[in-house]
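To start, the structure itself, in structure tokens.
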Amino acid sequence: MRGSKFVILGGGMVAGYAAKQLVELGLRPGELAILSADNSVPYERPPLSKGFLAGKDAEEAIRINPEDFYRKHAIELKLECEISAVDPKRKRLILKSGDQFGFDKLIVATGARPRSLNVTGANLRNLYYLRTLDDSRAIRSALEKARHAVVIGGGFIGMEAAAVLAQKRVEVTMVLNEERIWKRLFSPEMSRFFEAYYATRGVQLIKATAVSELRGDGVVNCAVLANGQTVPCELVVAGIGVWPAIEILANSGLNVGDGIMVNEYLETSEPDIFAAGDVANYQDVLFGKRRRVEHWDNAVSQGQYCARSLMGERIPFKHVPYFFSDVFDLSYEYWGDASGADQIIYRGDFSKNSFSVWWLRQKAVVAAFTMNRPDEERDAAPKWIESRQTVSARRLEDASHSIATAVEWT
């Protein structure tokens, strides 16, 4: 039976960054194998709905490591390698081919799969989900001929895809099942800002409804909404969330639920097996709660953390949740967890596309959003969240003074 000392199951961002970190920490040739169902070496996912989708980034530019990196460091990279089961007790992976692959230590980084539409017409061509490099390629090709598109969902995938399509001179209609854009993350004031911003760039938003049917003769030509509207389109992009990819773990004995349940060391319920990235439901020591994060920074940080753990480090994973996005000519960042906040403070000027938002709980900063703000605000956000810094709301709101004046010392 073939095998390796260290094995990463999944060829996404966790694998790319873990491999890079392991090499930097002195990985010996032949000690690492990556088993990936993908057909490409590990690549960055954010460009798939931004630069790569827009045709600005080449495939080579979005690879985490150069293609020859794996050969150079004698890392076995098995592409289009599908796994049917994981056997933790005997420390082996069962391949769909019938072969087995052994490991001493394993990182499970199988990621997530897009939720699919469950409506009549969901099998029509030109309905796309955006998760992989192939998905982004296919949408990029389809939008060359499309004049009208429907984007379903108002989260970061929906917002980014809609922005790219609109900039390609496609008439875009966004269909949201909630009454405002990205209600889960944005405050009402933020939603109003982005809705107006999109509207002035030609994007039509239809809120508080859902797509109930797609119609067309083999290829979609319109979307029928639950409110009775019919929206003509030659292209549909659905960004309605993802499911953690845990199917192959069903009979493994690993503790699974909303993802693979791991502790503060990203360890699963079985010895020598870790989980990282979108699939990992971990114990967040900063916020004292369990969470599963589906963003770039989490995959990078947890991949690097697991690499250090494989090499002997053992300290809890401690990280402020973070993500960023680019839409049209705006770039913004978000840190923390706003759930449970009892106060929201706005700093800056919405009319000038330059503002930050601060969520407080009992005067302590628990989350922050910044867009076109001074570096001192960007620098303060994660530090304040990690340290549970208490601030004066009145001074924080006053953008005429340095943000440092908002700090309350005890």
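For the chain, DSSP calls about 60 percent of its internal beta bridges antiparallel. Only alpha carbons enter this Debye calculation for region 187-288, each as an equal point scatterer, and the log10 of I(q)/I(0) it gives at q = 0.22 Å⁻¹ is -1.08.
Gain on full extension, evaluated as 0.36 nm per residue between residue 398 and residue 200 minus their Cα-Cα distance, stands at 68.4 nm. Only beta bridges with both residues in region 1-116 are counted; by DSSP, about 35 percent of them are antiparallel. Here region 243-329 is assigned +1 on the Cβ of each Lys and Arg and -1 on the Cβ of each Asp and Glu. Its dipole about the Cα centre then comes out at about 320 debye.
When only the Cβ of Lys, Arg, Asp and Glu is charged (+1, +1, -1, -1), the dipole of the chain relative to its Cα centre reaches about 280 debye. For a modelled paramagnetic label at residue 184, 7 Å from Cα along Cα-to-Cβ, the residues of region 156-173 in reach, with backbone nitrogen under 11 Å, are 156-157. Could you tell me the distance between the Cα centroids of region 384-406 and region 75-147, to the nearest Å? Comparing the Cα centres of region 384-406 and region 75-147, I get a distance of 44 Å. The orientation-averaged projected area of the convex hull spanned by the Cα atoms of region 248-302 comes to 3.9 nm².
Taking 7 Å steps out from each Cα toward its Cβ at residue 124 and residue 58 produces label points 3.7 nm apart.
Computed over region 29-83, the quotient of the alpha carbon radius of gyration and 2.2 N^0.38 Å is 1.26. For residue 145, the aspartates and glutamates whose Cα comes closer than 14 Å to its Cα, not counting residues fewer than 8 places off in the same chain, are 171, 234. Near residue 269, the amide H atoms lying under 5 Å from its own belong to 255; only residues 5 or more places off or on other chains count, and H is placed 1.01 Å from N. Near residue 209, the amide H atoms lying under 5 Å from its own belong to 176, 177, 178; only residues 5 or more places off or on other chains count, and H is placed 1.01 Å from N. Take every pair of alpha-carbon atoms less than 8 Å apart whose residues are at least six positions apart; their mean separation over the length of region 300-360 yields a relative contact order of 21 percent. Per-residue 3J(HN,Hα) values for region 159-167, derived from phi via the Karplus relation 6.51 cos²θ - 1.76 cosθ + 1.60 with θ = phi - 60°, read 5, 5, 5, 4, 5, 5, 4, 5, 6 Hz in sequence order (x marks Gly and Pro). Amide H contacts for residue 243 (H built 1.01 Å from N in the peptide plane; partners 5 or more residues away or on another chain; cut-off under 5 Å): 113, 115.
A straight Cα-to-Cα reach below 21 Å connects residue 72 with the lysines 5, 20, residues fewer than 8 places away in its own chain not being considered. Extending 7 Å from Cα along the Cβ direction at residue 378 and again at residue 28 yields two label points whose distance is 4.2 nm. Based on protein heavy atoms only, region 198-313 ends up with 40 Å² per residue of surface accessible to a 1.4 Å probe.
With helices as the sole contributors, the chain gives -6000 deg cm²/dmol at 222 nm; each DSSP H run of n ≥ 4 counts as -39500 (n - 2.57), and the sum is divided by every residue. For a modelled paramagnetic label at residue 388, 7 Å from Cα along Cα-to-Cβ, the residues of region 275-298 in reach, with backbone nitrogen under 14 Å, are 285-289.
Each peptide in 281-289, 328-336, 394-402, 161-169 was scored by the mean count of other Cβ atoms within 10 Å over its residues; highest first, the order is 161-169, 328-336, 281-289, 394-402. Region 326-367 and region 188-244 have their alpha-carbon centroids 26 Å apart.
Normalised size of region 59-149, defined as Cα radius of gyration per 2.2 N^0.38 Å with N residues, equals 1.51. What translational diffusion coefficient, in µm²/s and rounded to a whole number, does the Stokes-Einstein relation yield for the chain at 37 °C and a viscosity of 0.692 mPa s, taking the hydrodynamic radius as the Kirkwood radius over Cα pairs? Roughly 144 µm²/s, to the nearest whole number. Surface composition of the chain: carbon and sulfur make up 46 percent of the accessible area, probe 1.4 Å. Annotation: for a label point projected 7 angstrom from Cα along Cα→Cβ of residue 85, residues of region 250-265 with backbone N closer than 14 Å are 250-254. Given 10 °C and 1.306 mPa s, how large is the Stokes-Einstein diffusion coefficient of region 1-115 in µm²/s, with Rh as the Kirkwood radius over Cα pairs? Rounded, D is 107 µm²/s.
The values are calculated or read from the model by the stated rules, or taken from the named source; none is laboratory data. Quantities reported herein were computed from a predicted structural model and do not represent experimental measurements. FYI the Cβ positions are ideal-geometry reconstructions off the backbone, even for glycines, and counts take in every protein chain you see. Accessible surface areas use protein heavy atoms only, side chains included; no ligands, DNA or RNA. Shrake-Rupley method; radii C 1.70, N 1.55, O 1.52, S 1.80 Å.
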